[in-house]
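Down below is the structure, laid out as structure tokens.
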């Protein structure tokens, strides 16, 4: 029974009809996007949720569980933060074009744009540059808008036309434009110079003594850059600095930047794509460094998925992207919050 001073639960017949149009829009968008992938010759895959490693990025946190084997011993497993590791194993196995609507999980995340359990739409093309995946993403976003008939995305007073020609901006360009920082001058040999970036950003953001180069980069990005992106039209932010390469390869001829892009609408990040790294030794190095930093900051580290490291070495040249499907549905349906576009909101919340 609902207390008098508490709102009725989401499933009450007084509230549910207000959510239903957004949920039907979700189904329409799903159908339209699936049809597009089928037309393009992609194969839909379903990969496992329980993984040896949920991902090896410093600030990603995943729920953990223990499996009990037949002999009674316990095996730790994590709920995945992305299907990326499994999908890349399929690329190594020979799949040329795959996509997945994947249920993924993140601890320490909740808000108007974040859910602890959500849907990530990921797809990969073997033997394709990241400009091809970038173009795919723009088309997928337009198909979502077409499916609902919405003419313009809006969120927190900002609008974006999903059908207009997107603006293409390098990360270095937006740091110069919106923060007055020469970002590439703070990178040498692929490594970030913390002192140089701190000096350049000290009048823009608050810098803590233990902030790394990446911490300062993220603060400037969030406070000064992202609010200006995706206004009036989509923004494609590309050539991320190499210290933020994650699982992307560095750009040929310029080790200061990586083949990584993100796409924004109304200041909301919708997608994060890579020209995929296929150097297993370099991937191991990046993961180890990230887990060392995670241990320093949070007192925990996730294991490396050795099968994934081996698969990286066998992968063809490829590109891929992860798109926040719930965020896209929110914008394409006109919903004000992300929890209104999922059929059942997080357990324990109204």
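The values are calculated or read from the model by the stated rules, or taken from the named source; none is laboratory data. Since the model is a prediction, treat every value here as computed from it, not as a measurement. So basically every Cβ, Gly included, is an ideal-geometry build from the backbone, and we count neighbours across all protein chains shown.
Select, from 310, 322, the only residue that is in contact with a helix residue (DSSP H, G or I) (Cβ under 8 Å, 6 or more places away or on another chain) and part of a strand (DSSP E or B). Break it down into steps so the answer makes sense when it comes.
Values: 310 fails: part of a strand (DSSP E or B).
Within the list 310, 322, the selection yields 322.
For the range 34-48, does any single residue satisfy the condition of being modelled with pLDDT of 95 or more, closer than 18 Å to residue 327 by Cα and in a helix (DSSP H, G or I)?
Start the filter on the range 34-48 by keeping residues that are modelled with pLDDT of 95 or more, which leaves 34-48.
Subsequent filtering for residues that are closer than 18 Å to residue 327 by Cα retains 34.
Imposing the further condition that a residue be in a helix (DSSP H, G or I) reduces the set to 34.
Scanning the range 34-48 turns up at least one residue that is modelled with pLDDT of 95 or more, closer than 18 Å to residue 327 by Cα and in a helix (DSSP H, G or I).
Pick out the one residue from 26, 19 that is in contact with a helix residue (DSSP H, G or I) (Cβ under 7 Å, 6 or more places away or on another chain), crowded, with 17+ Cβ neighbours inside 10 Å, at pLDDT below 95 and not in a loop (DSSP other than H, G, I, E, B). Step through it out loud before you land on a result.
Values: 26 fails: at pLDDT below 95.
After ruling out the rest, the residue left standing is 19.
Please determine, by comparing only the residues of the range 233-273 that are assigned to a loop (DSSP other than H, G, I, E, B) and within 15 Å of the chain's Cα centre (by Cα), which one is surrounded by the most Cβ atoms within 10 Å (Cβ to Cβ).
247
Against the condition buried (at least 23 other Cβ atoms within 10 Å of the Cβ) and either out of contact with any strand residue (DSSP E or B) (no Cβ under 6 Å at 6 or more places or on another chain) or on the phi < 0 side of the Ramachandran plot (or both), how does residue 299 come out, does it pass? Explain how you work it out, then say what you get.
Numbers: buried (at least 23 other Cβ atoms within 10 Å of the Cβ): no; either out of contact with any strand residue (DSSP E or B) (no Cβ under 6 Å at 6 or more places or on another chain) or on the phi < 0 side of the Ramachandran plot (or both): yes.
No.
Would you pick out the residues in the range 249-259 that are closer than 16 Å to residue 318 by Cβ and touching a residue at least 40 places away in the same chain (Cβ under 8 Å)?
Within the range 249-259, 250, 259 meet the criteria.
Taking the conditions exactly as written (in a helix (DSSP H, G or I), buried (at least 19 other Cβ atoms within 10 Å of the Cβ), at pLDDT 95 or above and touching a strand residue (DSSP E or B) at 6+ places or on another chain (Cβ under 9 Å)), does residue 102 satisfy them or not? Give the derivation first.
Details: in a helix (DSSP H, G or I): no; buried (at least 19 other Cβ atoms within 10 Å of the Cβ): yes; at pLDDT 95 or above: yes; touching a strand residue (DSSP E or B) at 6+ places or on another chain (Cβ under 9 Å): yes.
Here the answer is no, as residue 102 does not meet what is asked.
If residue 107 passes every condition in (1) in contact with a strand residue (DSSP E or B) (Cβ under 7 Å, 6 or more places away or on another chain); (2) surrounded by fewer than 19 Cβ atoms within 10 Å (Cβ to Cβ) but one, which one does it miss?
Residue 107 satisfies all of (1) in contact with a strand residue (DSSP E or B) (Cβ under 7 Å, 6 or more places away or on another chain); (2) surrounded by fewer than 19 Cβ atoms within 10 Å (Cβ to Cβ) except (1).
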